[in-house]
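Each reported figure results from applying straightforward, stated rules to the coordinates on display, with no laboratory input. Keep in mind that what you see is a predicted model, and the values were worked out from it rather than measured. All Cβ positions, even for glycine, are placed from backbone atoms using ideal geometry, and neighbour counts span all protein chains on display.
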Amino acid sequence: MVDRVPFVDGGFSEYVRSLPQSRAPRRADDRVRAASPLTCRQALDLYRVQLESRHVDFAARNLKRDAQAFYTIGSSGHEGNAAVAAAIRPTDPAFLHYRSGAFFLERARQLGRTDGAYAMLLGIVASSDEPMAGGRHKVFGHAEMAIPPQTSTIASHLPKAVGMAFGIGRAARLGVATSSPQDAIVVVSFGDASVNHSTAQGAINAACWAAAQGQPVPVLFVCEDNGIGISVQTPDGWVRSANATRGGLEYAAADGLDLADTYATATDLANWVRREQRPAFLHLRTVRLLGHAGSDIETVYRSLEEIEASEALDPLRIGARLLVEAGAATPEQLLELYEASRARIAELGRQATTRPKLTTATEVMRPLAPRQEDALARITTESANESERRRFWGDKLPEEQRPNGFAQHVNWALGDLLAQHPEAVLFGEDVAKKGGVYGVTRDLARRAKRGRVFDTLLDEQTILGLAIGFGQLGLLPIPEIQYLAYLHNAEDQLRGEAASLQFFSNAQYQNPMVIRIAGYGYQKGFGGHFHNDNSVAVLRDIPGIIVASPARGDDAAAMLRTCIAAAKTSGSVCVFIEPIALYGERDLLAKGDGLWTAPYAPSSTAERVAIGKGRVWRDGEHLTIVSWANGLWMSLRVASRLEREHGIRCRVFDLRWLAPLPAAELLEHARHTGRVLVVDETRKTGGVSEGIFTALVDGGFEGTMRRVTSEDCFIPLGDAANLVLLQESAIEAAALALAQHTR
């Protein structure tokens, strides 16, 4: 493997020495080029930033060689993005591509900070002193610089950037103060290979879709086009052809190798976005130097001639020529700056290696799911005052209505939460005028302040991206995913983006949200798999998130309030799974018994349901049945028959929370009878029952355990669904066998 650093490094110095002596020096405030808005002073400042970025890349490779560093994906060749940073305000939020190091450094310089490079180096060596992620990842991020941390590699940060841009205008419309100025624009950078990803296409499309309806979406997409994605060439002209004539998207191209051209084009385009409040696409020509990363053997897929041609386009060479020709600096002065930057960055790198690292699992995990329990308990039991509730609901409050089922309780709880929290917004597919596919959000758009309950386009990535961006601004988003199967179109927005933010920002950033998902099976065969998805495995292994799954309306309302309180006080990412089959269910044991309805209790009088707190529905000494959602409803019916027909008294324990599981209570109720039957409506493999069994074993349970589950199968259409979904007959047979089992 040939290390190209000496060639890039030496080639730069040789090139600058070969430049002709500059003419008489210009004044600092003179233009660096005729008709350019960039002054000599600005150009020289930007060039210092570019040099600093380059030497950080060199230092990272030297530190890696010495086994002191863990990250070598650099920004060499992309240093022109410093001019993009200079073209916008330092208060404009920026979601940065992993090659936007010079942008990060210029943002630091704009704010008078001298620690930008040191922060980058601390991240490279994974020091716990690094000011954003605290050693958990090398990120471009800084709370005081309006740069949220990104770990995205393939455009997964674009939807939340669009969400934040949309949220700025929405918050202003609602009169809600946010973390960004009302006239801010949102900048998001990415590579040319990422343009092809569905996430990028969805985000750009969503911005254009919203703008076409007159909604403000001040987002500047910055594509740093170096013509290659790791080893795959981007076709010539592809990025331009895919975006230059796209409806609703302003397009401009700039030579990212040329500071003056980049600054002028970026300034004009950023001003246009700020003025028009519409999306724009800045296509920035760059070049990739030193391969994809330090471990990349570039000669495997590129010829030496291609590599040398790229090195000849080094933006530091082109910038040096610009400055010398403008009379802003002499070649000797630039070489002195280059070597001074090298020495400074090398020393900062040495200092970074002496700083502390994360040393315990507790330290690493601390920002995962912080909770302010006192504040959470207080907000859960608060409610809007009666006059505000009367204004929202009219003459008759929900608690003055007759007892009702699951869907209506969720509707009432959502209405009360909208009345209580002015920053709360509810959105998704069909949630406004239609009131949701099952009517759960019916009439809330009419009752709420204009703009608080609204329909989105049919794209789950965008829905969750909106939620992330809204949450980072200070809004309280309640997005709806229409069916559980539809979540799988957008899992990375939840797993890789929303749930990871507090971890990778050391809890300095939050994107609170409560995602409502209509889910599970038992819809009498309707819809097949896409409307009867019973798999929650993808949710339960996401670190730090809260997964709630109530079975009856009174629990649903109480748990929804708890989730909102956790989001508001601690920035929690909550998933609230609603069993579709129980939306309209009113009865439990017999037709007309009304046992699956309950009177509504507002938060001021309702019993609070703590996160991870289960519920005992029946007491008994022979057997403990553990379940939740549809499984709970079926288990209660089975338990009633077992007692009536066989004299078997079952304790029925409702988990209510799938993450975190109520492990201590589970163990207590299991030990009460010594026999446990887990009724799991999800699948045999990857189902919740596996986690329940593990919790019991880890807790030292020595009794007998059995489980009944649905099959490892997608759910078919019609009556065939009942062949693979767990049925009451299987629950009853297993319970009988277990109750009669002698240990």
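Some observations on this one:
- Rounded to 10°, Cα long-axis angle of helix 331-353 versus longest principal axis of the chain: 30 degrees
- Taking the fewest neighbouring Cβ atoms within 10 Å as the starting point, the ordered list for I542, I468 is I542, I468.
- Neighbour-count ranking [beta-carbon atoms within 10 angstrom, fewest first] of R540, R27, R278: R27, R540, R278
- Per-residue ellipticity at 222 nm, computed for the chain from helices alone with -39500 (n - 2.57) per DSSP H run of at least four residues, works out to -12500 deg cm²/dmol.
- Three semi-axes describe the equivalent ellipsoid of region 419-494; taken as square roots of 5 times the Cα gyration tensor eigenvalues and ordered largest first, they are 20, 16, 8 Å.
- Pairs of Lys residues in the chain that lie 8 or more places apart, or on two chains, and have C-alpha atoms under 23 angstrom apart add up to 14.
- With both residues required to sit in region 615-739, DSSP beta bridges show an antiparallel share near 15%.
- Using θ = phi - 60° and Karplus 6.51 cos²θ - 1.76 cosθ + 1.60, couplings along region 676-688 (whole Hz; Gly, Pro as x): 10, 10, 9, 9, 10, 6, 7, 9, 5, 9, x, x, 5
- Taken one residue at a time, the phi angles of region 245-251 give Karplus couplings (6.51, -1.76, 1.60, θ = phi - 60°) of 10, 6, x, x, 10, 6, 10 Hz. Gly and Pro are set to x.
- Residue order for D395, D225, D255, fewest other beta carbons within 10 angstrom first, comes to D395, D255, D225.
- Taking amide H atoms as placed 1.01 Å from N in the peptide plane, the amide H of A432 lies under 5 Å from those of D455, each 5 or more residues away in sequence or on another chain.
- Both radii were evaluated on the Cα set of region 327-416; the Rg over Rh quotient, with Rh as the Kirkwood radius, amounts to 1.50.
- Against the chain, whose longest principal axis is taken from its Cα atoms, helix 663-673 shows a tilt of about 20°.
- In summary, region 1-102 shows an alpha-carbon radius of gyration equal to 1.29 times the 2.2 N^0.38 Å reference for compact globular proteins.
- Residues with amide H under 5 Å from that of R683, placed H, sequence gap 5 or more: V536, V688
- Between F530 and T694, the simple label model (points 7 Å from Cα in the Cβ direction) yields a spacing of 3.2 nm.
- Between 0 and 90°, nearest 10: helix 460-473 axis offset from the chain longest Cα axis: 70 degrees
- Residues whose placed amide H lies under 5 Å from that of A518, excluding near-sequence neighbours: I481, Y483, L484, E578
- For q = 0.11, 0.18 Å⁻¹, Debye-computed log10 I/I(0) when each Cα of region 373-582 counts as one equal scatterer: -0.48, -1.37
- With both labels modelled 7 Å from their Cα along Cα-to-Cβ, the R446 to L313 distance reads 6.0 nm.
- Quarter of the Cα convex hull surface for region 537-663, i.e. its orientation-mean projected area (nm²): 8.8 nm²
- Taking 4.7 Å between beta carbons as the limit, the unpaired Cys residues of the chain are C40, C208, C223, C650, C713.
- Between S303 and D712, the C-beta separation translates, for a Förster distance of 35 Å, into a calculated FRET efficiency of about 0.10.
- A convex hull fitted around the alpha carbon atoms of the chain yields 169 Å³ per residue.
- Oblate is the label for region 615-739, because a/c, from the alpha-carbon gyration tensor with a ≥ b ≥ c as root eigenvalues, is 1.5 or above and a/b does not exceed b/c.
- Selection from L316, S341, P356 lying farthest towards where the dipole of region 287-362 points positive, charges on Cβ: P356
- Projecting the alpha carbon convex hull of region 5-353 along each direction and taking the average yields 17.1 nm².
- Average 1/r across all pairs of distinct alpha carbons in region 380-455, invert it, and you get the Kirkwood radius: 12.6 Å.
- FRET efficiency, 1/(1 + (r/R0)^6) with R0 35 Å, evaluated for R641 and E702 via beta carbons: 0.75
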